[in-house]
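Derivation of every value follows stated rules applied to the coordinates shown; laboratory data play no part. Because the structure is a prediction, the values reported are computed rather than measured. Neighbour counts run over all protein chains shown; Cβ positions are idealised from the backbone, glycine included.
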Amino acid sequence: MSEVGSLEPEQTKVGLRVAKADNKDARRFFEPATISRISSLEMRAMQVVDGYISGMHRSPFFGHSVEFVQHREYVPGDDIRHLDWKAWSKTDRFYIKQFEAETNLRCQIIVDVSESMHYGNGPLNKYNYACTIAACLAYLLMRQQDSVGVFAFDDEVRKQLPTRSSQSHLDAIAQTLHVSTPAKKTDLFKIMRRVAEAIPQRSMVVVISDFLADRPPMLKGLEMLRMRKNDVMVFHVMDDDEIDFPFMGMTKFVGMEELPDVFCDPRALRDAYIEVLQEYLMEVRRGCTRLGIDYNLVRTSEPLDAILSKFLHHRMANRGQGKMVIPSSET
């Protein structure tokens with residue numbers, strides 16, 4: 001008989017030991033091999049964002065320092081320093097030059113640390129994989145002077161770190177992720193509402209979770225982020241066991257997030273499980289696509305540097321090609 005589940009005795013003990021480890025242990029999320037392979041890439045917002053100092057990302061506001069965009073007619077009160085005298089010489093009319101300012105990005109990384117995230121049979125469980133994604137993205141963003149904040153959540157916000165751009169902020173991020181141990185259920189709607197209310201300006205929002213939650217409230221929570229004109233990305237982290245369901249023989253499945261244990265023959269359940277899972281994944285993907293959210297399903301067995309490289313190349317290739325589409329609350 002085999003036994004699987006996110007709350008096996010050994011896994012629970014490992015989670016508790018991680019919570020008591022020192023700061024050096026927390027730095028495990030910054031994998032040198034992964035960072036060295038992706039350090040040449042830049043994290044750019046695909047859609048328009050705003051910030052507070054000059055930087056690398058397009059702003060919805062017009063400035064006077066980066067790239068010419070268009071003319072508009074002069075109106076009394078405009079700064080005459082921005083008059084286009086060449087246009088005046090040709091048309092005998094006054095026009096103001098408008099430029100597209102560029103700004104720093106504010107990124108909020110939202111990491112699920114609930115009980116189900118601590119399941120895993122590979123070198124990294126879902127929690128460690130998610131934290132490493134978060135740490136690598138934070139590293140890249142702060143290398144280009146962008147600011148990063150972190151939320152760690154289950155059914156409540158367990159830890160919150162304000163946005164900062166200094167390199168010393170990486171240690172605070174590692175600690176925020178490091179002290180989070182498996183606890184309660186996931187309440188994505190409540191968390192997304194909390195995050196949406198906490199970030200009033202347009203931001204990049206990266207949500208990293210296994211999304212084991214009811215789909216309608218989960219998608220409604222993500223919609224709240226998009227309604228506030230945030231650029232939202234999702235990393236849907238799953239273990240191979242959850243996708244492939246490879247179990248054989250009588251197995252005890254240990255309940256996660258307050259669900260009961262189940263003792264059964266998994267071969268009798270596999271076909272139905274795979275069908276329901278594929279329907280669930282398709283609904284989540286379609287929901288994110290409808291909301292204009294960049295959706296990424298990742299397995300914990302996939303090399304993290306390959307996942308991030310593919311993701312970042314995709315973001316850069318699509319930068320500026322699409323408009324910010326804010327879905328109706330009725331859809």
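Observations on the model:
- Selected residue (only one of 141, 170 is out of contact with any Phe, Trp or Tyr (no Cβ under 7 Å at 6 or more places or on another chain), under 14 Å from residue 109 (Cα atoms) and not in a strand (DSSP E or B)): 141
Residues are listed down the side, and each one gets a yes or a no for (1) in contact (Cβ under 8 Å) with a residue 40 or more places away in the chain; (2) closer than 22 Å to residue 115 by Cβ; (3) surrounded by 21 or more Cβ atoms within 10 Å (Cβ to Cβ); (4) touching a Pro at 6+ places or on another chain (Cβ under 9 Å):
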| residue | (1), (2), (3), (4) |
| --- | --- |
| 204 | yes, no, yes, no |
| 210 | yes, yes, yes, no |
| 215 | yes, yes, no, no |
| 225 | no, no, yes, no |
| 231 | yes, no, yes, no |
| 253 | yes, yes, no, yes |
| 262 | no, yes, no, no |
| 280 | yes, yes, no, no |
| 296 | yes, no, no, no |
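- Residue 87 being among the aliphatic types (A, V, I, L, M) and within 19 Å of residue 34 (Cα to Cα): no
- Screening 209, 166 for residues that are more than 25 Å from residue 295 (Cβ to Cβ) and not aliphatic (A, V, I, L, M) leaves exactly one candidate, 166.
- Among all positions in the stretch 185-202, there is at least one residue which is among the basic types (Lys, Arg) and within 15 Å of the chain's Cα centre (by Cα).
A quick yes/no check of all residues on (1) touching a helix residue (DSSP H, G or I) at 6+ places or on another chain (Cβ under 6 Å); (2) closer than 27 Å to residue 124 by Cα; (3) among the hydroxyl-bearing types (Ser, Thr, Tyr):
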| position | (1), (2), (3) |
| --- | --- |
| 223 | no, no, no |
| 228 | yes, no, no |
| 233 | no, yes, no |
| 237 | yes, yes, no |
| 261 | no, yes, no |
| 282 | no, yes, no |
